[in-house]
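Below: the structure, in structure tokens.
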Amino acid sequence: MENDLNWAIGGEAGDGIDSTGKIFARALSRAGRHVFTSKDFASRIRGGYTAYKVRTAVDRVESVVDRLDILIALTERTIDENLDELRTGSVIIYDGEQTTMQDVEIPEDMIGLEVPLTDLAEGAGGAIMRNVVALGAACEVADFPVEYLDEALVKRFGEKGEAIVANNREAARLGRDYVHEETDCTSQFSLETTDEDYVLLNGDEAIGMAAIAAGCRFYAGYPITPATDIMEYLTGRIEAFGGAVVQAEDELSAINMALGAARAGARAMTGTSGPGIDLMSETFGLVATSETPLVIANVMRSGPSTGMPTKQEQGDLNAMLYGGHGEIPRFVLAPTTIGECFDRTVEAFNLAEKYQIPVYLTADLSMAVTEQTYPPERFDMDAVEIDRGKVVEGDAVDEWLDEKDRFRAHAATEDGVSPRALPGTPEAAHMTTGLEHDELGRRTEEEDVRVEQVQKRQRKVETAREREDFDYRAFGDSDAETLVLSWGSNEGAMREALEILDERGIDVRFLSVPYIYPRPDLTEEVQAAKTVIVVECNATGQFADLIEHDTLTRVERVTKYTGVRFMADELAEEIESAIAGQRAPPEVKR
Amino acid sequence: MSAFSAIDEDREIDPEEYTPGIEPQATWCPGCGDFSVLKALKQAMPEVGRTPEEVLTVTGIGCSSKLNSYFESYGFHSIHGRSLPIARAAKLANPDLEVIAAGGDGDGYGIGGNHFIHTARENHDMTYIVFNNEIFGLTKGQTSPTSPKGHKSKTQPHGSAKDPIRPLSLGLTAGASYVARTAATNPNQAAEILAEAIEHDGFAHVDFLTQCPTWNKDAKSYVPYTDVQESDEFDFDVTDRKEAAEMMYEVESKLYEGEVLTGRFYVDEDRPSYTEEKQATGEMPEEPLAEKYFDEDSEWKRSYDLLEHHT
């Protein structure tokens, strides 16, 4: 797919890389082009190296590739970091007048485009606008009308006043004009525009938007990368819908607050990442035993311990499946695209209330903090249905009273789901405890009651298996001998890898699985294939273990744990090697 | 019918309504101070004018946290140290509920200490009763955060090397707007203080001295006690932070010298609660967060404006 453009801006943290990149991404989206972004960033406020990368095409893009066409380099290191991705003819825009950039060497086969960014920015009203000058220069190189930046600049700087917006527009034009008039760089690209008007959002935002649409009215969290975006998205938005966000003193408090709000009757959610999941595991069992509906978003990052907080990994699958002492019934949903984050979030809230159970909703870093374009109708608010499950009040309470008029809050029903009476409901006051209890919520150690309650809670999962549609999505050639399975955000790269493999004459069937527990039974699909390959971003192959367990079949593992997501071309190579049985461990760059 | 309709019923309430159908007899040891908390709470509730269905009691883990097994209400017996975040969020979601959290000194000042500090700091409109018996009772007599320095136990055979927590001072410093201490041996004062604490608009912290006749015989039964408000010996202004702080320091020190001083130590009627603060900045809606869930006719508000942000 060479009709795409790969663009990046890189510099030090604190250089405004992220917001500049986002202005360009927004402008492309406004111009009716699809956009897929990615970030190289570190857990630091200043210094180091950070980059915002944009891949754009008229057709849908849902992955990154190992190629850069235009690079705005604010530091020398930005060039070094991207040497592998730069190609013959790639354009590197930099400010040669900047003291730290005077000795920069541009590889011979590439085009170094010196633009006096700071100088021109000062001409427009201030050196602070040098990034926008660079954007204007990049527009000229890409043959993309600089006017499309205008609205994105309003979005970014509108709050600071019209003068600031006007200055930035001027800065962009100065950058464009400089390239046009003062250099002999002619564009080798042409960015076609369309009449489409897309929305651009990341996974955390899709989760936040869906939570509001799904009736979530309470969110408790503690700041942690990369989950904080959910909290920040909801703050300032959820209030208009009758909800509130609270910042707790730690993750222990965050999950317990969400639990408290849920018990009082609000749809509630907490969100965190690995280290927070460790703390929340304590209360996870209480949520399940007290049969409280709760959604816990886990935006995965590289672990264990503090690990690599700003890097990609899908390493928490086992923690979510098995975390917490004892045996805890739960659901684990793992959307595979940014768009699907919306759908699974809505579903998570309904599952939580229908089955009165904790639901893990997990996104990985790559999906959570990078943006993608969608047609706005992809997010159909009116189609969102809210199912609160067996909440009882009024006369319905009477059906669930025992002979002494005591409310049977944990009645061992056929489907395992008990009536739920919210505090304040007349005639239904009852006990709830994290101890084993009888149907009235009275603590007990009686063997038969224990067995009945364990079975009842577990039965909810079985009921859900029967009633819900925990399915996969299939791509590629349904008759292929090679079956590839993956979960989480690898779907986009894998779909593009299918196209690359197809060009090489390799037929592959690809199943993307958004439900980890309960999950679809893949026995037939696995046994029908000659080679089964499981793709995931962790070292041990946690999802592969599950597939082997479920299907009693050995699978090939394509894993990656460098902290960087799979790229489409890389994944195609890996799949090809795995089919040939020649997969090597990842190369370590020194 | 709205479930909120249980709330605001106006009628006489009999303390016996608070005796539950499922476990009317408490299983605490004979002579345990915990019985007095239960009795005082049952007496306080009719004063406050709340029915059991309007009350949510959230407890942690320990002998004292069994309180809501013997007290009719919506009871939530949670896990060790975590009663406060559960309780305060329930109050945020449905402010019409009367929310009372309770637990022991290990639960509240040890494992849950951080939540105590932050719940007090946020001044949620709720009551927190800490059953303080200076010992871990349910696990059979280990040193607790309020055990005196030098206290010997199986886990501290040569005596505790730590100064005990000063619970009243901690509550004040953290931001509680009502701080009192009462004792199991003083039932009338206890019922009065609990009623006051529940009616107080803000975070009310009651350190309730509850003797443990089984595992902490050293602490005796907290007799004789003195009510500082009744005694001529003490003269301080409960609304004055500095005077309250000095008084608390004295009270806490005296306890370990064998003198039991009880009463109200700090009352701030003016400090806005967390909800009020958040409502003032527009970060907390006026309507209860949970209300939508009680009103079947209410329409779920959806807005495509959310998408506008992403264009």
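The values are calculated or read from the model by the stated rules, or taken from the named source; none is laboratory data. Keep in mind the model is a prediction, meaning the values are calculated, not measured. Cβ placement follows ideal geometry from the backbone for every residue including glycine, while neighbour counts extend to all protein chains displayed. Side chains are part of the model used for accessible areas, which takes the heavy atoms of the whole protein and leaves out ligands, DNA and RNA. Shrake-Rupley method; radii C 1.70, N 1.55, O 1.52, S 1.80 Å.
Rounded to the nearest 10 Å², what accessible area does residue A:430 show when all protein chains are kept and the probe is 1.4 Å?
Roll a 1.4 Å probe over it and residue A:430 shows about 20 Å².
What do you get for the angle between helix A:490-503 and the principal long axis of chain A? Use alpha-carbon atoms, 0 to 90 degrees, nearest ten.
Result, in degrees: 60.
Can you tell me how much longer the chain between residue A:504 and residue A:477 gets when fully stretched, taken as 0.36 nm per residue apart minus their C-alpha distance, in nm with one decimal? Let's see the in-between values first.
Details: separation 27, 0.36 × 27 = 9.72 nm, distance 1.40 nm.
Contour length minus the Cα-Cα distance gives 8.3 nm.
Regarding the protein assembly as shown, what is the average projected area of its C-alpha convex hull, in nm²? Walk me through the intermediate numbers first.
Working: hull surface 166.3 nm².
Computed as one quarter of the Cα hull surface, the answer is 41.6 nm².
Have a look at the DSSP beta bridges in chain A and tell me what percent are antiparallel, nearest 5.
Working: 29 of 79 bridges.
So the antiparallel bridges in chain A amount to around 35 percent.
Can you tell me the orientation of helix A:568-580 relative to chain A, as the angle in degrees between its alpha-carbon axis and the longest Cα principal axis, to the nearest 10?
The answer is roughly 60 degrees.
At what distance in nm do the modelled label points of residue A:97 and residue A:181 sit from each other, each positioned 7 Å from its Cα along Cα→Cβ?
In this crude spin-label approximation the distance works out to 1.4 nm.
Points 7 angstrom from Cα along the Cβ direction at residue A:461 and residue A:154: gap in nanometres?
5.3 nm
Please report Rg (one decimal) and Dmax (integer) in Å for the Cα set of the stretch A:370-411.
In order Rg, Dmax, the Cα atoms of the stretch A:370-411 give 20.4, 59 Å.
At most 12 other Cβ atoms within 10 Å and a DSSP loop assignment: could you name the GluC sites (Glu not before Pro) in the stretch A:382-459 that fit?
Sites meeting the loop and neighbour criteria: A:385, A:399, A:403, A:414, A:445, A:446.
Run lengths n ≥ 4 of DSSP H only: what is the helix-derived mean residue ellipticity at 222 nm for chain B, with -39500 (n - 2.57) per run over all residues, to the nearest 500?
Numbers: 8 runs with 83 residues, N = 311.
The per-residue figure over chain B is -8000 deg cm²/dmol.
What percent antiparallel are the DSSP beta bridges of the stretch A:201-383, to the nearest 5?
Numbers: 3 of 26 bridges.
Once the DSSP bridges in the stretch A:201-383 are tallied, antiparallel ones form about 10 percent.
Show me the trypsin sites (Lys or Arg not before Pro) within the stretch B:146-198 that DSSP assigns to loop and that have at most 10 other Cβ atoms within 10 Å of their Cβ. Could the numbers behind the result be given before it?
Values: sites: B:149, B:152, B:154, B:162, B:181; in loops: B:149, B:152, B:154, B:162.
Those that pass, being in a loop and sparsely packed, are B:154.
Among A:467, A:495, A:267, what's the order by accessible area (1.4 angstrom probe), most exposed first?
Details: A:467 145, A:495 75, A:267 5 Å².
Putting A:467, A:495, A:267 in descending order of accessible area: A:467, A:495, A:267.
Hey, can you grab everything whose amide H is under 5 Å from the amide H of residue B:227? Only 5+ residues off in sequence or another chain; H modelled, so Pro and N-termini drop out.
Correct list: B:262.
Assign one of three labels to chain B, namely rounded, prolate or oblate, based on the Cα gyration tensor with a ≥ b ≥ c the square roots of its eigenvalues; rounded applies when a/c is under 1.5, prolate when it is not and a/b is larger than b/c, and oblate otherwise.
Working: a/c = 1.76, a/b = 1.58, b/c = 1.11.
It comes out prolate by the Cα gyration axes.
Given a Förster distance of 60 angstrom, what is the FRET efficiency for residue B:218 paired with residue A:521, based on the Cβ-Cβ distance and rounded to 0.05? Could you put the intermediate results ahead of the total?
Numbers: r = 62 Å, r/R0 = 1.04.
It comes out at approximately 0.45.
With every protein chain left in place, what is the accessible area per residue of the protein assembly as shown in square angstrom, probe 1.4 Å? Write out the running numbers ahead of the final one.
Working: 34780 Å² over 901 residues.
Ligands and nucleic acids excluded, the figure is 39 Å² per residue.
Can you give the FRET efficiency to the nearest 0.05 for residue B:259 and residue B:19, using r as the Cβ-Cβ distance and R₀ = 30 Å? Intermediate results must be reported in sequence, preceding the final value.
Working: r = 35 Å, r/R0 = 1.17.
Calculated transfer efficiency: 0.30.
Kindly compute the accessible surface that chains B and A hide from a 1.4 Å probe when together, both sides summed, and give it to the nearest 100 Å². Could the numbers behind the result be given before it?
On the way: alone 15700 and 24970 Å², together 34780 Å².
The contact between A and B buries close to 5900 Å².
At what distance in angstrom do the alpha carbon centres of the stretch B:77-103 and the stretch A:338-388 lie from each other?
After rounding, the separation between the Cα centres reads 29 Å.
Per residue of A:204-211, what is the mean number of Cβ atoms on other protein chains within 10 angstrom of that residue's Cβ?
Counting Cβ atoms of other protein chains within 10 Å of each residue's Cβ and averaging gives 1.
Report, to the nearest 10°, how far helix A:203-213 tilts away from the longest principal axis of the Cα atoms in chain A, using its own Cα long axis and a range of 0 to 90°.
Tilt of helix A:203-213: around 50 degrees.
For the stretch B:15-310, give me the percentage of DSSP beta bridges that are antiparallel, rounded to the nearest 5 percent. Please report the intermediate quantities before stating the final value.
Details: 6 of 36 bridges.
For the stretch B:15-310, the DSSP antiparallel bridge percentage is about 15.
What is the percent carbon and sulfur in the accessible area of the stretch B:210-311, measuring with a 1.4 Å probe over the protein chains and ignoring ligands?
Of all accessible area on the stretch B:210-311, carbon and sulfur atoms account for 44 percent.
FRET efficiency for residue B:121 and residue B:242, Cβ-Cβ distance as r, R0 = 25 Å, nearest 0.05?
With a Förster radius of 25 Å, E is 0.85.
Other chains' Cβ within 10 Å of B:109-118 residues: what's the mean? Write down the numbers at each step before the final one.
Numbers: counts 0, 0, 1, 3, 0, 4, 7, 0, 1, 4.
The shielding value for this peptide is 2.
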